[in-house]
Structure formats: C-alpha cells, structure tokens
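To start, the structure itself, in structure tokens.
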Amino acid sequence: MIVKKARFVRSMSAFEPFPEQGMPEIAMVGKSNVGKSSLINALTRNSKLAHTSSEPGKTRLINLYMVNEEFLLADLPGYGFAKASKQEKQKWAGMIEGYLCSSQNLRHVFQLVDIRHAPTADDQTMVEYLRHYGIPFTVVATKADKLSKAQRGRNIPLICRTLSVQPWEVLVHSSKDGTGSEALMGSIEALLNQAPVKPDGDAAEAAETIE
C-alpha cells in the first residue's frame with residue numbers, strides 16, 4: 001500500500017459517534033513513549049501528522065487519522081506512565097477500554113513494545129486483555145534502529161516468551177530508518193478486508209485495569 005494522503009481527523013476524551021465513523025479502523029496501543037505517534041508518522045510519511053514528544057504521557061486522548069480516505073488509524077493513550085496520578089491512569093485506561101469495546105469498525109490492534117527491553121507488566125496485561133476478549137492483535141517491536149541485528153535476534157525471543165507469541169507474529173520496526181514499514185503497511189492492507197472485530201463478552205469489564 002502506498003500512502004498518498006493522510007490527515008488528522010479528531011481527538012476524543014471518550015469514544016463517541018463521529019462523522020467519519022464507518023471506515024475500517026486500525027488501533028495502536030502501547031506504554032507511554034513507546035513510539036506510537038512516531039510509527040504513525042513513519043507509515044504515513046508525514047513527520048508532522050501526529051505530535052511526538054520525548055516526554056512520556058503526552059498522548060492523553062484518542063487521536064484519529066484518516067489514511068488515503070480508506071481507513072482510520074487510532075492512536076490510543078499510552079499506559080504505564082509512572083508519574084501520572086492514579087486518577088489519570090484510570091482515565092486513560094477507561095479511554096483505551098472504551099474504544100476497544102465500543103468501536104464497531106475495528107479490524108486489528110497493533111501492540112507496540114520497545115525492542116530494547118523486556119515487555120512490562122502493563123504490556124502483559126494489555127495483551128492478556130486483547131487475548132481474553134478475542135481482539136486480534138500483532139506485536140510491533142519499535143525502535144529497532146537502536147539495536148544491531150544480533151541484538152534484535154536476542155531480544156525478540158524474550159518478547160515472545162513474555163507475551164506468549166511466536167517470532168513470526170512480531171513485526172520489527174524503526175521510525176528512524178523505516179525498517180519494517182513496508183511489511184507493516186502490507187499487513188494493514190490485508191487486514192482492511194477482514195470483518196470488524198466483535199469482542200467476546202463484555203470487554204468493558206476487564207479482569208484487570210490497564211494502567
């Protein structure tokens with residue numbers, strides 16, 4: 001897929017009906033500062049589309065972006081920001097859960113983790129949430145440019161063991177040098193033809209709060 005046009009659509013503090021609703025949606029989730037906004041900018045080839053910051057916890061809303069007037073990318077609030085208050089963490093968790101259980105057009109979730117480190121307890125909780133409610137997801141290991149190929153080869157198995165996924169289920173990506181962008185866009189193109197997600201059970205009542 002070649003991205004010819006991408007634009008910001010809107011921000012939401014809670015999932016609600018919006019004019020562009022009805023288009024296929026692909027969601028990005030991950031801890032604060034894992035690189036969700038940078039990934040969106042890399043995929044759309046627009047460095048100014050999604051606001052990025054070196055300071056964790058800046059994405060505090062559900063941000064939607066239209067790509068090629070074909071589908072929406074949803075950038076969900078980052079979790080696991082240690083300096084946030086408990087009230088803020090609960091609010092962000094509510095946004096994430098509210099979107100995942102309310103969107104009628106969600107096709108897939110990309111779960112982002114930092115390739116340099118073992119997935120956190122919050123990453124594990126997020127993956128368990130997606131798996132429990134039958135929401136299809138793919139793990140994307142970001143910031144690949146920070147490691148050599150040998151280091152990547154050692155870290156991917158750790159990610160797989162921690163999140164109980166297979167190596168071929170993990171996409172490696174770098175927003176700096178574009179590593180993995182083509183594969184990721186190819187995956188998105190294939191996902192757009194799938195039926196919308198219908199979570200099993202009441203996804204709003206998670207066993208654990210995503211913080």
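Restricting attention to the stretch 117-142, the residues that are of a type outside the set (Val, Ile, Thr) and part of a loop (DSSP other than H, G, I, E, B) total 6.
Checking each residue in the stretch 155-195 for being in contact with an Asp or Glu (Cβ under 7 Å, 6 or more places away or on another chain) and among the β-branched types (Val, Ile, Thr) picks out only Thr179. Quick one: in the stretch 126-145, of everything that is surrounded by fewer than 20 Cβ atoms within 10 Å (Cβ to Cβ) and in contact with an Asp or Glu (Cβ under 7 Å, 6 or more places away or on another chain), which residue is farthest from Gly178 (Cα to Cα)? Applying the filter and picking the extreme gives Gly134. Here is the figure for the stretch 146-176: residues that are more than 19 Å from Ser187 (Cβ to Cβ) and exposed (fewer than 15 other Cβ atoms within 10 Å of the Cβ) total 12. Residue-level analysis places Asn33 outside the set of residues that are at positive phi and either at pLDDT below 85 or more than 18 Å from the chain's Cα centre (by Cα) (or both).
When the stretch 71-114 is filtered for residues that are modelled with pLDDT of 75 or more, in a helix (DSSP H, G or I) and surrounded by fewer than 17 Cβ atoms within 10 Å (Cβ to Cβ), only Ser102 remains.
The values are calculated or read from the model by the stated rules, or taken from the named source; none is laboratory data. Here the structure is a predicted model, which is why all the values come from computation and not from measurement. Counting neighbours? That spans all protein chains shown, and the Cβs are built from the backbone with ideal geometry, glycine included.
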